[in-house]
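The values are calculated or read from the model by the stated rules, or taken from the named source; none is laboratory data. Everything numeric in this text was worked out from a predicted model, so none of it was measured. Please note: Cβ atoms are built from the backbone with ideal geometry, for glycine as well, and neighbour counts cover all protein chains shown. The protein model used for the area step is the full one, side chains on, heavy atoms only, and it has no ligands, DNA or RNA in it. Shrake-Rupley method; radii C 1.70, N 1.55, O 1.52, S 1.80 Å.
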Amino acid sequence: MSKTPAGTLYRGREGMWSWVAHRITGVAIFFFLLVHVLDTSLVRVSPEAYDAVIGSYKNVIMGLGELGLVAAIVFHAFNGLRVIAVDFWKKGTKYHRQLLWLVVALWLVTMIAFSFRHLPIVFGSH
C-alpha cells in the first residue's frame, strides 16, 4: 500500500492550482503583449491600417476580452507576490494556502471594482 503525503504543495491542492493558473495567465499575457506590439507597429507601416485595426477592437467581444486580460494581469501580479512570499519568507510554505486565499480575495475586490468601471463603457452606457 502506497502512502502518498496529502496536502503537499503540488499534489492537486491549492498550491498546484495556483501554479497552473500562474502559468496560464503568464502565457496569456505574453500572447497579448505579442499582438499588442504587432498591432502598434502598424502605425509605422501605415497609419490607416493602424486606425482600421484599432477601430476593429471597439466592440463588445474585445471589451470583454479586455476584462479577461485585466483579470489575468491582476491574478498574475498578486499571485507573483504570493510566490515571492512563499520563496523568501521563512514561514511562507506554512501559510501558502492562506496567502492564496488572500490573493483570491484581493483579486475579487479588484475585479469587482474594475468591472463596475469598465462594463458600462463596453456596453455603451457611460
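I'd like the full set of residues that are open to solvent by 60 Å² or more (accessible area, probe 1.4 Å) and in contact with an Asp or Glu (Cβ under 8 Å, 6 or more places away or on another chain), limited to the stretch 56-100. Listed by number, the list holds a single entry, ARG97.
Just one of the listed residues (ASP51, ASP87, ASP39) is under 24 Å from ARG13 (Cβ atoms) and either more than 19 Å from the chain's Cα centre (by Cα) or not in a helix (DSSP H, G or I) (or both), and it is ASP87. The residues on offer are LEU102, LEU67, and the sole one that is under 28 Å from PHE123 (Cβ atoms) and modelled with pLDDT of 95 or more is LEU67. Remark: GLY26 falls outside the filter, which requires a residue to be closer than 30 Å to ARG97 by Cα and modelled with pLDDT under 90.
Restricting attention to the stretch 10-43, the residues that are under 11 Å from ILE73 (Cα atoms), surrounded by 11 or more Cβ atoms within 10 Å (Cβ to Cβ) and of a type in the set (Phe, Trp, Tyr) add up to 1.
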